[in-house]
Amino acid sequence: MTWTELELADAPPQIHRLLRDADGTPVPWGIRIAGQQRADWNQIDQTSFDRAVAGRRCWTCGERLHRGSYSFVLSIRAALERTSLWPPSHASCASYIARHPLARIGPLALSPGAVLMVLQCREFSGVSDRKAKRMVFQPGTANDVYWIKDGRAATRAEASAEFDAADEDAYPGDSGLEEKARYEERRRILKRWLPE
Ligand SMILES: [Zn+2]
């Protein structure tokens with residue numbers, strides 16, 4: 001079976017409308033298309049990025065987001081740091097890319113085998129990141145969170161183990177009390193969403 005047949009069975013309609021790469025992989029809207037309709041998986045498309053920011057479009061499919069419903073696919077560390085490098089997606093698009101290898105390719109890469117968090121929120125903000133020299137995104141308070149590993153729901157043990165490891169790396173030990181308090185509050189809230 002090709003990638004297309006295997007992986008597209010549960011794709012939402014907007015994923016079916018995306019351009020396909022040579023092997024049938026749907027190319028997320030945020031990925032740069034080089035010549036001849038081939039995806040350049042290592043580059044983002046700057047026009048898509050700008051339009052996603054200015055027009056509140058889905059980073060995965062490019063269609064308009066529904067007001068008050070924004071979904072981020074994040075590593076646990078990114079969630080603890082409350083920073084997404086990429087704009088949000090539709091709930092159905094985020095769920096799809098978290099479960100399929102699209103989220104593990106090129107500049108959107110999240111490590112293979114890692115536990116991913118899909119975080120849904122009602123608002124988010126874009127902030128300019130001086131180090132990255134571009135805009136990054138801060139999800140608002142989560143109204144739903146679920147955890148994915150290797151295309152399926154992560155177990156509590158898997159999510160907890162990775163949560164603790166990410167927490168150790170991300171904890172802002174050298175920062176002021178206020179920043180530590182904000183971090184600890186975020187950790188407390190995210191921990192409540194660990195799988196049953
Ligand atoms: Zn979408």
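The values are calculated or read from the model by the stated rules, or taken from the named source; none is laboratory data. From a predicted model like this one, the values you see are computed outputs, not experimental measurements. FYI the Cβ positions are ideal-geometry reconstructions off the backbone, even for glycines, and counts take in every protein chain you see.
Observations on the model:
- Of the listed requirements (1) closer than 23 Å to Ala11 by Cα; (2) of a type outside the set (S, T, N, Q); (3) more than 11 Å from the ligand (Cβ to nearest atom), Ala79 misses just one: (1).
- Summed over region 62-81, residues that are assigned to a loop (DSSP other than H, G, I, E, B) and crowded, with 18+ Cβ neighbours inside 10 Å total 3.
- Tabulated pairs, region 64-76, first without any contact (Cβ under 8 Å) to a residue 24 or more places away in the chain, second more than 12 Å from the ligand (Cβ to nearest atom) and not in a strand (DSSP E or B), C-beta under 8 angstrom, 6+ apart or interchain: Arg64/Gly55
- When Ala22 is tested against (1) more than 16 Å from the ligand (Cβ to nearest atom); (2) part of a helix (DSSP H, G or I); (3) free of Cβ contacts under 8 Å to residues at least 40 places away in the same chain, only condition (2) is not met.
- The residues of region 83-123 that are at pLDDT 90 or above, away from the ligand (no atom under 14 Å from the Cβ) and surrounded by 19 or more Cβ atoms within 10 Å (Cβ to Cβ), listed by number, are Ser84, Val115, Leu116, Met117, Leu119, Cys121.
- Pairs, first among the polar types (S, T, N, Q) in region 40-62, second more than 16 Å from the ligand (Cβ to nearest atom) and part of a helix (DSSP H, G or I), C-beta under 6 Å, six or more apart: Asn42/Gly106
- Filter pass, Ala9 being more than 15 Å from the ligand (Cβ to nearest atom), surrounded by 21 or more Cβ atoms within 10 Å (Cβ to Cβ) and either not polar (S, T, N, Q) or not in a helix (DSSP H, G or I) (or both): no
- Number of residues in region 25-61 that are in a helix (DSSP H, G or I) and either touching a Cys at 6+ places or on another chain (Cβ under 9 Å) or charged (D, E, K, R) (or both) equals 3.
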